[in-house]
Amino acid sequence: MKYNLRILLVALLIGFVTKSFAQHKTYDIVNGIGVFAGLTKLDIETDNFITKQGDGFLFGASATVDIPHRWYNMSYGMQLSENYINIEGRPSATIGGQEYIEYKMFAAQLALLGHIKLIGSHLTIDVGPMLQYNGRLELKDQNQEGYYVNNYTNLKAMDISSISQFNFNGLVGASLGYKFFRLKAEYIYGFTNILKKLEDQNLDTSGGEARFKGRQSMLVFGAMISF
């Protein structure tokens, strides 16, 4: 019995020493879940229309991989947003005017981000690609559907709703926080032409450019809580 106890004691000591030694060569990779919400400012950079940023809101969730021995962390997540943009128009084709037509755009975005550590994990630069599915441009005020879009003679507000719905974006931003709470700022730029689909609608483009080109530009300011 004493012999067996000695063997057991030696085995436990070997296991303890082995585990202690291994701890110097391995690192704990911490996974976390975060939920966030924020305000958005959407614009479309284009020569076809005269636009103005609109305000919206966003919420989403992400999974984070915190890698202590690396200069970066990784995360992937999804965010949903309701955004607004203003495009200059006029009430009738013959009467000139400068009145903004407000549109609403829903978007779902999937992102894979790298977080470059500046001050540990407390201050990071966030960068990565993003896939986006967005809805049509919806008029906020249905009374404006008969308005005409400035820069064109006969193009109406309701004619430009069918924009491209699948887009590829790039994101760059910064995160600042401690433990479970972080403040975030992001800039999202569209690499694809979000107005491309309008060229397939047989629109009356008299008085303006027949080819449609536009890049999405979105600012996001928000906060995230992690678990």
Inset, instruction - Give the residues of the stretch 144-165 whose amide nitrogen is closer than 18 Å to a point set 7 Å from the Cα of Glu99 in the direction of its Cβ. - result: 144-160
Inset, instruction - For the chain, build the charge dipole from Cβ charges (+1 Lys, Arg; -1 Asp, Glu) around the Cα centre, then report which of Gln98, Ser175, Ile50 sits farthest towards its positive end. - result: Ser175
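Which whole-number percentage describes the relative contact order of the stretch 126-227, with Cα contacts under 8 Å and a sequence gap of 6 or more?
On the way: 201 pairs, mean separation 29.3, N = 102.
Here the relative contact order equals 29 percent.
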Legend entry - Three-way shape label, the stretch 140-227, alpha-carbon gyration tensor, a/c 1.5: prolate
Inset, instruction - May I ask for the angle, rounded to the nearest 10°, between helix 2-22 and the longest principal axis of the chain, with both axes built from Cα atoms and the value confined to 0 to 90°? - result: 40
Inset, instruction - List, in the order given, every pair from Lys140/Lys197; Lys41/Lys117; Lys104/Lys179; Lys140/Lys196; Lys52/Lys197; Lys41/Lys179 whose Cα-Cα distance in the structure shown is over 32 Å. - result: Lys104/Lys179
Inset, instruction - May I ask you to derive the relative contact order of the stretch 45-99, considering only C-alpha pairs under 8 Å and at least 6 residues apart, and to give it as an integer percent? - result: 37
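Can you give the local net charge around Phe221? Use residues other than it whose beta-carbon is closer than 14 angstrom to its beta-carbon, Lys and Arg +1, Asp and Glu -1.
Net charge in that neighbourhood comes out at 0.
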Inset, instruction - Report, to two decimal places, the Cα Rg of the chain normalised by 2.2 N^0.38 Å (N = number of residues). - result: 1.51
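Compute the length gained on full extension between Val65 and Val35: take 0.36 nm times their separation in residues and subtract their Cα-Cα distance, giving the result in nm to one decimal. Spell out each step's value before the answer.
Working: separation 30, 0.36 × 30 = 10.80 nm, distance 1.46 nm.
Length gained, Val65 through Val35: 9.3 nm.
Below 14 angstrom from the Cβ of Gln201, what's the summed charge of the other residues (Lys, Arg +1; Asp, Glu -1)? Present the calculation step by step, with values, prior to reporting the outcome.
On the way: positive: Arg136, Lys156, Lys196, Lys197, Arg211; negative: Asp159, Glu199, Asp200, Asp204.
Local charge sum for Gln201: +1.
Bear in mind that the values in this text are calculations on the coordinates, not laboratory data. Note that the coordinates shown come from a computational prediction; the quantities given were computed from them, not determined experimentally. Neighbour counts are summed over all protein chains in view; Cβ atoms, including those assigned to glycine, are modelled from backbone coordinates with ideal geometry.
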